[in-house]
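This report refers to the structure that appears directly beneath it.
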Amino acid sequence: MIIVLLGPPGSGKGTQGERIAARLGIPKIATGDVLREAIRQDTEQGRAAKVFMDRGDLVPDSVIVGIMKDTLSSPATAKGAILDGVVRTVPQAEGLVRLASELGRKVDKVLLFDIDDEELVRRLSGRTVCEDCQTPYNGREPGSTCRKCGGKLVRRPDDEPAAIRTRLDVYRSQTEPVIRWARDHGLDMTTLDAKGKLDDVTDRAMKALES
Ligand SMILES: [Zn+2]
């Protein structure tokens, strides 16, 4: 079973992806992890990706799709995989659907994590990090004291409300075409209410996967 997770930063899809993966007994695969692993193993795709990353550029769609091909050909994903962050663009979605069919598989489900911007701003701006030991905190104000080292908690520039709104705008402008593409190409997609308790969201996701 190949499941694709789509959702904005802060929607909890990473956490939910891990929980769904544990329940289904299949691996959760995040693009970032796979890229790092390909680089560590010095694969052909890993070397290609590294050139772009070292320059601070986005890794091109073709390289992402190549890495997904390696991943979905490996025995570890024989039973299936949950793909998190893999289809950020239409070419990546096209590439994934094509390579799945080349491998005699298909994308069985797209789960779209739906949550409103206000809630995302609230969640993301509630994150702080110790400026000394980098311990992350949730729901503690900037300026508070780190429980581990006594350092000062700061908010990452990325988590300032204005920056969050920019990140969400980027996400929406990138993802809307992917959602349209998925609908137009008959992919089985379920919009998931991503608000509420962790367990409730997991239950909703499992229900969507069983339907
Ligand atoms: Zn600290």
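All of the numbers you see were taken from the coordinates with simple rules; none came from a lab. Not measured: the values here are computed from a predicted model. Note: ideal-geometry Cβ built from the backbone for every residue, glycine included; neighbour counts use all protein chains shown.
Laid out as a table, the results:
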quantity	calculated
Spin-label pair residue 149/residue 170, simplified geometry with 7 Å Cα→Cβ offset, distance in nm	2.7 nm
Under 15 Å from the Cα of residue 152 - aspartates and glutamates, other chains or at least 8 residues apart	131, 132, 141
Cross-link partners of residue 197 among lysines (Cα-Cα below 22 Å; sequence separation of 8 or more within a chain)	13, 28, 207
DSSP beta bridges in the chain [antiparallel fraction, %, rounded to 5]	25 percent
Theoretical FRET efficiency, 1/(1+(r/R0)^6), r = Cβ-Cβ of residue 54 and residue 203, R0 41 Å, to 0.05	0.45
Per-residue HN-Hα couplings for the range 4-10 [Karplus 6.51, -1.76, 1.60; θ = phi - 60°; Hz; x = Gly/Pro]	10, 9, 10, x, x, x, x
Residues 199, 70, 33, 84, sorted so that the one with the fewest Cβ neighbours within 10 Å comes first	199, 33, 70, 84
Kyte-Doolittle mean at least -1.0, axial Cα span of 20 Å or more - DSSP H helices of the chain	161-184
